[in-house]
Amino acid sequence: MMARSAPQTVAEAPAGRPGRRGKRMMTRAFVCAVAVLGLVACGRGTKEDIVSKARDISKRAELERVLGQPDEITKLGPVETWRYKATNGEVIFLIVGDDVTLQAAGARDKAK
């Protein structure tokens, strides 16, 4: 007959097999990875998506309500340029005072 050893604890799990703590950590890492991928996938979308959402918008507050905060704002006197990054480029809105007056969609600038 073989002698019985003391029961193993989580810290004494056999090599090559994770204990309960290791399984929990792996599960948490997996859940975090899935959440990050989900957030990336739920981004602003393509240039076409952004333009279609903002098609009939003429006021600054309405644009911000529909598209959220822009990724970049440039100001020159009363003129603001709001830049929204898309998966396939960017969309730029020109705002004078409270009015949205121009929109342009283009490719991202390539590193030179």
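The values are calculated or read from the model by the stated rules, or taken from the named source; none is laboratory data. Because the structure is predicted, anything quoted here is derived from the model rather than measured. All Cβ positions, even for glycine, are placed from backbone atoms using ideal geometry, and neighbour counts span all protein chains on display. When the accessible area is computed, the model is the full protein with side chains, heavy atoms only, and any ligands, DNA or RNA have been set aside. Shrake-Rupley method; radii C 1.70, N 1.55, O 1.52, S 1.80 Å.
Would you pick out the residues in the stretch 88-110 that are within 20 Å of Ser58 (Cα to Cα) and modelled with pLDDT of 90 or more?
Of all residues in the stretch 88-110, those within 20 Å of Ser58 (Cα to Cα) come to 90-105.
Within the stretch 88-110, Glu90, Val91, Ile92, Phe93, Leu94, Ile95, Val96, Gly97, Asp98, Asp99, Val100 qualify.
With touching a strand residue (DSSP E or B) at 6+ places or on another chain (Cβ under 7 Å), at pLDDT 95 or above and open to solvent by 80 Å² or more (accessible area, probe 1.4 Å) as the only criterion, which of Lys75, Lys85, Lys59 stands out?
Values: Lys75 fails: touching a strand residue (DSSP E or B) at 6+ places or on another chain (Cβ under 7 Å); Lys85 fails: touching a strand residue (DSSP E or B) at 6+ places or on another chain (Cβ under 7 Å).
None of the other options fit; the residue is Lys59.
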**OP:** Report yes if Glu64 is at pLDDT 95 or above, closer than 30 Å to Ala105 by Cα and surrounded by 10 or more Cβ atoms within 10 Å (Cβ to Cβ), otherwise no.
**Re:** yes
